[in-house]
Amino acid sequence: MKRTTALVLAVFFLAAVATAGEITLNVQEHVLANGMKILMIPKPGVPRVVCHIYFNVGSINERPGITGIAHVHEHMMFKGTQAMGVTDVEKDSAIDRQIDALMGQIYREKYWKTDGGDKAKITDLQKQVDKLVAEEKAFIIKDDLWTHYMKNGGTGLNASTGEENTGYYVTLPANKVELQMMLESDRLMNAVWREFYSEKDVIMEERRLSENSPGYFFNEQVNAAFYAASPYHWDVIGWMDDLKKMTKADLAQFHDTFYVPNNAVAIYVGDFDPKVLLPLAEKYFGRIPKGPDLEPIRTSEPPQYSEKRLYGEGPAPTSLQMMFHTVPAGHPDAAPLQVLGSIFGSGGGMRGGPRGGGGGGTGRLAKALVEGKQMAVSISASGRSQLYVGAFQFSAQPRADKNVQPEDLEKEIWAEIDKVKKDGVTADELQKIKNRSEAGFIRSLQSASGLASSVGRAELVRGWRSILTDIEAIKKVTSDDIKRVAAKYFAKDNSLTAIYQRKMGR
């Protein structure tokens, strides 16, 4: 049966006053019959192509019990398929089934029984598992995917998991893009979760290393307290208990739900001909069956009706965080909040340390509290809008050598907030941030990998054209807009204040 396709060509020109001159960007958009989007940005020159695939899934698509699974899944996508990463798939699969059966018994004994189960039985079962794992190693080809890419001139093979999306990356010679489509479509259709339990151990060790960083647990609790109900409540790496108890069946269900073509976008940037690339996309990605339509997350963050305060202590430097709930991406207030974050907090570190006497920031807070009153070692502010939520955050480290307390900085920040609520910001401040934002935007589009990342991730949220409408929205922000959002969102009942005091020996 002949496959039907929808082809949309979108070309736009962005003119900007910058040293790079006028920037021309040509995005060609192709939608396969199974719903997968192919975005192409031809850039003649160096015969290489940046190849990214993004899936509209991250830690917010998890639930209690399987937190961290998006990140675990990203790791497991490098463990091979029916055809990759193994010398004898039948023997390997037979051993894997035995391991799964034994691990199922261990899980029930350890996690289903309130007393932790029969320790002797668990030890005996684990010995059997360890013996099978050792046998399986004879059939596993380590780093097989990377070897195939490297032998064909591939560089930058990597992946990343965030709260809202997961990406897979590689850069190849222009004449090797077909290899990427063949291998990535194979991973989508035929992924095999071999070495699942040992890879979970690797990820749990990643978490343990993070836990050893001073202040980690406090910051994790701050995030959990700020997001009370929505799945932004947990970190991408997940809770340790969930990592321990997560099963291979959980992983397979997660893959089958979210790793479907209608939940993905592939983007190519570099020296290629779209007329050559599109038939290859049809051949490889077009063969993957469409999955069910995916429902957005159900639990949004409810309004906060009372002030939250957290106090902690430990070996990390004394610090202050002030957080406010704001708006998701695309909301009319997102741009004024982003601009205000830059006005408050661009820069903010001290030159020469606490006794250096000079500030390295250009934002209001740095000028007032680092350079002027010399109360802070560093201070910053930022407004961030995501798919379902938004947050505005102030972060500061007080001058210990002057016995400045976090509460002292808190009062000063509120005073600066009140000034903005009353007087807004100056025309010079506004224009400086607008110029800086536009220049940064232009720079982000000049590298092939940066362009692929910006366009690909934006496509998953509000469409790739939103990167243009967002920068235009920033250029239209007024002082009255700034005053309005400051009055609306900077309220005690909408805030969380986290104060951490340095105490050694903990």
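Numbers at a glance
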{"quantity": "Qualifying residue in the range 420-435 (condition: part of a helix (DSSP H, G or I) and either hydroxyl-bearing (S, T, Y) or closer than 30 Å to I297 by Cα (or both))", "calculated": "no"}
{"quantity": "Residue in the range 276-286 that is in a loop (DSSP other than H, G, I, E, B) and crowded, with 19+ Cβ neighbours inside 10 Å present", "calculated": "no"}
{"quantity": "Close pairs (7 angstrom Cβ cut-off, 6 or more residues apart or separate chains): in a helix (DSSP H, G or I) in the range 206-226, of a type in the set (D, E, K, R) anywhere", "calculated": "F217/E211; E220/D235; N223/D235; A225/K308"}
{"quantity": "Scope the range 370-384; condition in contact (Cβ under 8 Å) with a residue 24 or more places away in the chain and farther than 17 Å from F490 by Cβ; matching residues", "calculated": "K373, Q374, M375, A376, V377, S378"}
{"quantity": "E313 vs. criteria in a strand (DSSP E or B), of a type in the set (D, E) and surrounded by fewer than 17 Cβ atoms within 10 Å (Cβ to Cβ)", "calculated": "yes"}
{"quantity": "Subset of the range 300-313 (residues that are among the polar types (S, T, N, Q) and either touching a strand residue (DSSP E or B) at 6+ places or on another chain (Cβ under 7 Å) or modelled with pLDDT of 95 or more (or both))", "calculated": "Q304, S306"}
{"quantity": "Condition check for H52: closer than 16 Å to G167 by Cα and in a helix (DSSP H, G or I)", "calculated": "no"}
{"quantity": "Residue among D250, D242 that is surrounded by 13 or more Cβ atoms within 10 Å (Cβ to Cβ), closer than 30 Å to I106 by Cβ, over 21 Å from the mean Cα position of the chain (by Cα) and among the charged types (D, E, K, R)", "calculated": "D250"}
{"quantity": "Residue check for I297: in contact with an Asp or Glu (Cβ under 7 Å, 6 or more places away or on another chain) and under 30 Å from E184 (Cβ atoms)", "calculated": "no"}
{"quantity": "Residues located in the range 468-503, provided they are buried (at least 18 other Cβ atoms within 10 Å of the Cβ), among the β-branched types (V, I, T) and part of a helix (DSSP H, G or I)", "calculated": "I471, I474, I482, V485"}
{"quantity": "Only one of G440, G450, G456, G463 that is closer than 27 Å to S160 by Cα and in contact with a helix residue (DSSP H, G or I) (Cβ under 6 Å, 6 or more places away or on another chain)", "calculated": "G450"}
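A quick yes/no check of all residues on (1) among the basic types (K, R); (2) in contact with a strand residue (DSSP E or B) (Cβ under 9 Å, 6 or more places away or on another chain):
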residue: K421; (1), (2): yes, no
residue: S437; (1), (2): no, no
residue: G456; (1), (2): no, yes
residue: L460; (1), (2): no, yes
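Let's see how each residue does on (1) surrounded by fewer than 21 Cβ atoms within 10 Å (Cβ to Cβ); (2) of a type in the set (A, V, I, L, M, F, W, C); (3) under 19 Å from G154 (Cβ atoms):
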{"position": "P47", "(1), (2), (3)": "yes, no, yes"}
{"position": "F55", "(1), (2), (3)": "no, yes, no"}
{"position": "I60", "(1), (2), (3)": "no, yes, no"}
{"position": "G68", "(1), (2), (3)": "no, no, no"}
{"position": "H71", "(1), (2), (3)": "no, no, no"}
{"position": "Q82", "(1), (2), (3)": "yes, no, no"}
{"position": "G85", "(1), (2), (3)": "no, no, yes"}
{"position": "S93", "(1), (2), (3)": "yes, no, no"}
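The values are calculated or read from the model by the stated rules, or taken from the named source; none is laboratory data. All values derive from a computational prediction rather than experimental measurement. All Cβ positions, glycine included, derive from the backbone under ideal geometry; neighbour counts span all protein chains shown.
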